[in-house]
Amino acid sequence: MKNPIRQVRLVAVARYFSQVCLAALACHFLAGVAFAQQDFSKVEIKVTKVAGSVYMLEGAGGNIGVSAGEDGIVIVDDQFAPLAPKIKEALKGISDKPLKFVINTHFHGDHTGGNAAFGKEASIIAHENVRKRLQEGGPVAGNEVKPAAKDALPIITFNDRTTVHVNGEEIRAIHFPHGHTDGDSVIFFTQANVIHMGDDFVTYGFPFVDVRSGGSVSGLIAGVERVLGMAPPDVKIIPGHGALSTPADMQKYVTMLKETRALVASAVKEGKTPAQMKNDHLLAKYEALGKGFIKSDSWIDTLCTDVRPKADAPVETRGR
Ligand SMILES: [Zn+2]
């Protein structure tokens, strides 16, 4: 960073707002209020150098991964449209090279909202289901999302994986089917030894699994375990939301996913209904994780859809 004093102030302000904004995001998501109505004027962008040419930007919405070097800038996700000028300012503080590519980890608006702004100067790359879902719009967590403008659509799509060769990096985007959605990619910065997980890994508590958009808890577990199997032990992990993490943090997360799923699976076997599981405080061990965006009861509903997808369990999580 060019100005260390400004950086300290930014860090303090951004820490406060990242908490406020996560809460605001959850409320807006669940109340069905358009993201555009959120007040972004006080959000500041915190820049963290992760390793090598890779940085992490936090503001409001999903974490942004950045590769900056002699060939230009590549960003992974771009938060909300109103933040695009501030994100551009933050990128200028890292490098004066042009933005070349934007990679979307998935289609949700808190990760792709800046696409229209950044797509004017860079090429947007994503899994084909990201383009399809942005193009079509539809309900996300009870919020009707409008079809995206043409400028906001990825112009390069892939089915399984693709690689961007810049800044001495091989930036690999690999599709992990049916995790948080059906279009999630995990991004591997292979030289800097950094992974951006998108929303397949978050640190705000129980995760949001967008079952209506092709997400699945079993798929999420399989995907995260696959990444852990591929990742070097000293890799740095950028979660979709939350602080920079380690493989140990992600191992803890996947253990929680498996344990809570197993608890619900055995309760279903015993003939218990979701209402009984909630009354019994089935997930008491993980109570602290149910105080954020996704409440414990909502996580039980999501797990029920995974354990017995064809039964009469609710088909989506709404965080009630
Ligand atoms: Zn998401």
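The values are calculated or read from the model by the stated rules, or taken from the named source; none is laboratory data. These numbers were taken from a predicted model, which means no experiment stands behind them. With ideal geometry, Cβ positions are generated from the backbone for all residues, glycine too; neighbour counts draw on all protein chains shown. Ligands, DNA and RNA are stripped out before the accessible areas are found, and what is left, the full protein with its side chains, is counted by its heavy atoms. Shrake-Rupley method; radii C 1.70, N 1.55, O 1.52, S 1.80 Å.
Counting only residues that are open to solvent by 60 Å² or more (accessible area, probe 1.4 Å) and at positive phi, region 241-286 holds 1 of them.
Report, by residue number, each residue of region 170-195 that is closer than 14 Å to Ala231 by Cβ and either more than 16 Å from the ligand (Cβ to nearest atom) or not in a strand (DSSP E or B) (or both). Scanning region 170-195 gives Arg172, Ile174, Phe176, Phe188, Phe189, Thr190, Ala192, Asn193, Val194, Ile195.
For region 108-148, the strands (runs of 3 or more DSSP E) that sit wholly inside it and include 1 or more residues that are modelled with pLDDT under 95 and under 18 Å from the mean Cα position of the chain (by Cα) are 138-140, 143-145.
Scanning region 164-183 for residues being farther than 26 Å from Gly69 by Cβ and acidic (Asp, Glu) gives a total of 1. The set of residues in region 103-126 being open to solvent by less than 50 Å² (accessible area, probe 1.4 Å) and either over 25 Å from Lys88 (Cβ atoms) or more than 16 Å from the ligand (Cβ to nearest atom) (or both) consists of Ala116, Ala117, Phe118, Gly119, Ala122, Ser123, Ile124, Ile125. If you go through region 132-144 and pick out every residue that is in contact with a strand residue (DSSP E or B) (Cβ under 7 Å, 6 or more places away or on another chain) and surrounded by 21 or more Cβ atoms within 10 Å (Cβ to Cβ), you end up with 0. For region 166-213, a tally of residues being among the aliphatic types (A, V, I, L, M) and open to solvent by 10 Å² or more (accessible area, probe 1.4 Å) returns 3. Filtered by the rule that a residue be surrounded by fewer than 17 Cβ atoms within 10 Å (Cβ to Cβ) and either of a type in the set (Lys, Arg) or more than 10 Å from His127 (Cα to Cα) (or both), region 145-165 gives Lys146, Pro147, Ala149, Lys150, Asp151, Ile155, Arg161, Thr163, His165.
Would you point out the residue of region 196-215, among those that are part of a loop (DSSP other than H, G, I, E, B) and among the hydroxyl-bearing types (Ser, Thr, Tyr), that is nearest to the ligand (Cβ to nearest atom)? Once the filter is applied, the top-ranked residue is Tyr204. So is Leu220 modelled with pLDDT of 95 or more and either open to solvent by less than 10 Å² (accessible area, probe 1.4 Å) or among the charged types (D, E, K, R) (or both) or not? Spelling it out, Leu220 is indeed modelled with pLDDT of 95 or more and either open to solvent by less than 10 Å² (accessible area, probe 1.4 Å) or among the charged types (D, E, K, R) (or both). The set of residues in region 39-94 that are in a strand (DSSP E or B), under 14 Å from Ile195 (Cα atoms) and among the charged types (D, E, K, R) contains only Lys49.
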